[in-house]
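Student: First the structure, which I've put down as structure tokens, then a few questions once you've had a look.
Since every read-out is calculated from the coordinates, none of them should be taken as a lab result. This one's a predicted model, so the numbers in the text were calculated from it and none came from an experiment. No Cβ is skipped: glycine too gets one built from the backbone with ideal geometry, and neighbour counts run over all protein chains shown.
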Amino acid sequence: MKKFIIVCGGVVSSLGKGIATASLGKLLESRGYKITIQKIDPYINIDPGTMSPYQHGEVYVTADGAETDLDIGHYERFTHAKFTKKNNFTTGQVYQSVISKERRGEYLGKTVQVVPHITDEIKKRMHAVAEDNDVVLIEIGGTIGDIESLPFIEAARQLKYDIGRENILYILLTLVPYIRVAGEIKTKPTQRSVKELQSLGIRPDILLCRTEKALDDDIKDKISLFCNVEKEAVITALDAKNIYDVPLKLHKEGIDEVVVKKLKLKDRKPFEMSEWQQLVERMNNPIADVRIALVGKYMGLKESYKSLVEAIRHAAANLGAKAELIWIEAEDIDKRETIKELRSVHGIIIPGGFGTRGIEGKIKTAEFARKNMTPMLGICLGMQCAVIEFARNVLEHKNANSTEFDPETDYPIIDLATNWTDKDGNEVRRSLTDDKGGTMRLGQYLCKIKQGTAASIAYVGINPIYERHRHRYEFETKKAVELEKNGLKVSGVSGDGSLVEIVELSKHPFYVGCQFHPELQSSLEKPHPLFVSFIRKSLLNKNVVRP
């Protein structure tokens, strides 16, 4: 029988359920168990794909093209499990499925209700990820007591009767605040959160107590007594400056041992995380530092660039360095202090985004990096802005008096990803159409690298190369001919050769733009090669004096 672990949160949101769940998954993997993790989001949106980054943060894209919650990114960065669209679902998806079945008459005229029809659909999705895994960890979004989460909590309660109480474990991540004025740790919020969960029919087996001050034995005794949880199952989840320290700290608290004992899991192999520990120590004790500017358009919520920030940290740590991020709003690029900041950094990243806001700022940033020989990595829209900048300021300038180049007919260089045909009327590419009526290219696609390029040096030894995409506009190779003649090299193309995947400048320390999102496949143990190359060149750029 498969083993299930349900993780939910109490008291307040943003306690770090995603990191805690990913960390526990990492610990179980380190003991030889095959795991998977599922995230349940209680909002009615079908997925976060159409949500504002200020509302939701980053949209994480899986290999099969699912637009998911950013916690899926944490799961992939911490573990070796492979995640698909089955690993994240929402209230919207559940109700959409149930209503569709009702319209088809699958309920045979019955009154369709939350219990059992909605909860059955939820449990069906929980079981869908269990195949070929020893342990399934399920994180329920929101906070205990939220009206939106109630059907998921009820489904989790019912699950123990479907699979047997010995095959399921309930973990509550709760807050144990330290009141500085009084100099006291308070357990009452945790007690009330446990009481709330028990009123919904679930008694937690393990309490993960998020706190800024270590819990002593007296506090653990009190929590154990008042919350009806064994003392060994009261786990201190101490605040950590580095999220990659969390699995090690939780192991020290003994959480993986408690889980193995309570679920009666058979030993697979001795605990082993030495490589992870070495990387964390390298991250915590860098021997160099590097300043990286991130020129984006969603600076109001840093989690909009969560995977990107982590990919930079992964690459820097593997090179023994620490990256200091300088956050720059693309719309402020013309301000004097912004230019001063750009001159002070060792590398520039221009990330992706949607809509026209901030594009001119990103184009000017690409121009700055090109002219000042500052290492630059453009991602998705960032790559497109670099191409537009080159076309405007290099190609048009060189061809101003040429009859062979006409900006009116050669534009747009970057265009919507729509179906198109060759001169004989044959369809040569099919794009994915989203519900908004536009087009989106989502998921993992083959990328072919041209030898003798910066990209081929970065990807050396990696073949084949698959990268993840999330974009509506694309750059066709047939529109790159004039650009290449004037110095912008196409160093990576799609599997069929029709689309540009990577561009670069030869006479530049590092000026690379990629259509895909390399940050989505980066982890501490396996940093993405493009980020490693970019950080390496940025470190070499530290001693360069700029005008």
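Student: What's the ranking of 377-385, 69-77, 178-186 by average number of surrounding C-beta atoms within 10 Å, highest first?
Tutor: Highest mean packing first, the order is 377-385, 69-77, 178-186.
Student: Distances longer than 16 Å among the Cα atoms of region 304-355: what percent of all pairs is that? Kindly include the intermediate steps, with their values, before the conclusion.
Tutor: Values: 656 of 1326 pairs.
For region 304-355, the fraction of Cα-Cα distances above 16 Å is 49 percent.
Student: While we're on this one: What is the percent of Cα-Cα separations in region 46-123 that go past 19 Å?
Tutor: Of all Cα-Cα distances in region 46-123, 48 percent exceed 19 Å.
Student: What number, in percent, do you get for the relative contact order of the chain if the mean sequence gap of Cα pairs under 8 Å and at least 6 apart is divided by its residue count?
Tutor: 15
Student: Quote the relative contact order of region 192-241 in percent (integer), defining contacts as alpha-carbon pairs under 8 Å separated by 6+ residues. Before the final figure, lay out each step's value.
Tutor: Working: 51 pairs, mean separation 21.7, N = 50.
Over region 192-241, the number comes to 43 percent.
Student: Run through every distinct alpha carbon pair of region 1-133 and return the Kirkwood hydrodynamic radius in angstroms, one decimal place.
Tutor: After inverting the mean inverse Cα-Cα distance, the result is 16.1 Å.
Student: Project the alpha carbons of region 231-384 onto their principal axes and report the range along each, largest first, in whole Å.
Tutor: If we take the Cα atoms of region 231-384, the spans are 60, 34, 25 Å.
Student: Which translational diffusion coefficient, to the nearest whole µm²/s, is obtained for region 122-210 from the Stokes-Einstein equation, given a Kirkwood hydrodynamic radius over C-alpha pairs, 4 °C and 1.567 mPa s?
Tutor: 89
Student: What's the ranking of 359-368, 79-88, 156-165 by average number of surrounding C-beta atoms within 10 Å, highest first?
Tutor: 359-368, 79-88, 156-165
Student: Next question. Taking the mean number of other Cβ atoms within 10 Å as a proxy for protection, how do you rank 387-394, 198-205 from highest to lowest?
Tutor: 387-394, 198-205
Student: How fast does region 63-107 diffuse by Stokes-Einstein, in µm²/s, taking the Kirkwood radius from C-alpha pairs at 37 °C and 0.692 mPa s?
Tutor: Rounded to a whole number, D works out at 267 µm²/s.
Student: Counting Lys and Arg as +1 and Asp and Glu as -1, what is the net charge of the other residues whose Cβ lies under 11 Å from the Cβ of Lys85?
Tutor: Cβ neighbours under 11 Å give a net charge of -1.
Student: Pairwise over distinct Cα atoms, reciprocal of the mean inverse distance: report the Kirkwood radius of region 1-68 in Å, one decimal place.
Tutor: 14.3
Student: Turning to a different aspect of this structure: Please report, to two decimal places, log10 I(q)/I(0) for region 85-128 at q = 0.16, 0.22 Å⁻¹ as given by the Debye formula with identical point scatterers on the Cα atoms and no solvent.
Tutor: Computed log10 I(q)/I(0) values: -0.40, -0.73.
Student: Could you give the alpha-carbon Rg of region 136-178 over 2.2 N^0.38 Å, rounded to two decimals? Please list the in-between numbers first.
Tutor: Numbers: Rg = 12.1 Å, N = 43, 2.2 N^0.38 = 9.2 Å.
Compared with the compact-globule rule of thumb, region 136-178 sits at 1.31.
Student: A further question follows. Given the -39500 (n - 2.57) contribution per DSSP H run of 4+ residues, what per-residue ellipticity at 222 nm results for the chain, rounded to the nearest 500 deg cm²/dmol?
Tutor: Computed mean residue ellipticity for the chain: -10000 deg cm²/dmol.
Student: Give me the percent of DSSP beta bridges within the chain that run antiparallel, rounded to the nearest 5.
Tutor: Counting only bridges with both partners in the chain, antiparallel ones make up about 40 percent.
Student: Sticking with this one: List the lysines whose alpha-carbon lies under 20 Å from that of Lys478, not counting same-chain residues fewer than 8 positions away?
Tutor: Within the straight-line cut-off, Lys478 pairs with Lys398, Lys423, Lys448, Lys450, Lys489.
Student: While we're on this one: Starting from the Cα gyration tensor of region 229-269, multiply each eigenvalue by 5, take the square root, and state the resulting semi-axes largest first in whole Å.
Tutor: Largest first, region 229-269 gives 21, 14, 6 Å.
Student: If you don't mind, there's one more thing I want to ask. Tell me, what are the semi-axes, in whole angstrom and largest first, of the equivalent ellipsoid of the chain as set by the roots of 5 times the Cα gyration tensor eigenvalues? Present the calculation step by step, with values, prior to reporting the outcome.
Tutor: On the way: eigenvalues 406, 165, 81 Å².
Whole-Å semi-axes of the equivalent ellipsoid: 45, 29, 20.
Student: If the reach is capped at under 14 angstrom between alpha carbons, list the aspartates and glutamates near Lys160, excluding any in the same chain fewer than eight residues apart.
Tutor: Cross-link targets: Asp120, Asp205.
Student: With a/c under 1.5 counting as rounded, go ahead and sort region 166-254 into rounded, prolate or oblate using the C-alpha gyration tensor (a ≥ b ≥ c being the square roots of the eigenvalues; past the cut-off, prolate if a/b is larger than b/c, else oblate).
Tutor: Numbers: a/c = 1.79, a/b = 1.17, b/c = 1.53.
Judged from the Cα gyration tensor, region 166-254 comes out oblate (a/c at least 1.5, b/c at or above a/b).
Student: Where nothing but the Cβ of Lys and Arg (+1) and of Asp and Glu (-1) is charged, how large is the charge dipole of region 159-291 around its Cα centre, in debye to the nearest 20?
Tutor: 380
Student: For region 449-495, what class follows from the C-alpha gyration tensor (a ≥ b ≥ c being the square roots of its eigenvalues): rounded when a/c is under 1.5, otherwise prolate if a/b is larger than b/c, else oblate?
Tutor: Taking the square roots of the gyration eigenvalues as a ≥ b ≥ c, region 449-495 is oblate.
Student: Another question, then. What shape does region 487-547 take by its C-alpha gyration tensor, where a ≥ b ≥ c are the square roots of the eigenvalues and a/c under 1.5 counts as rounded, a/b above b/c as prolate, and the rest as oblate?
Tutor: Cα axes put region 487-547 in the oblate bin.
Student: Ranking Arg210, Arg192 by Cβ neighbours within 10 Å, fewest first, what do you get?
Tutor: If I rank by nearby Cβ atoms, fewest first, I get Arg192, Arg210.
Student: If you average 1/r over all unlike Cα pairs in region 197-248 and invert the result, what Kirkwood radius do you get in angstrom? Don't skip to the end; give the middle numbers.
Tutor: Values: mean 1/r = 0.0829 Å⁻¹.
For region 197-248, the Kirkwood estimate is 12.1 Å.
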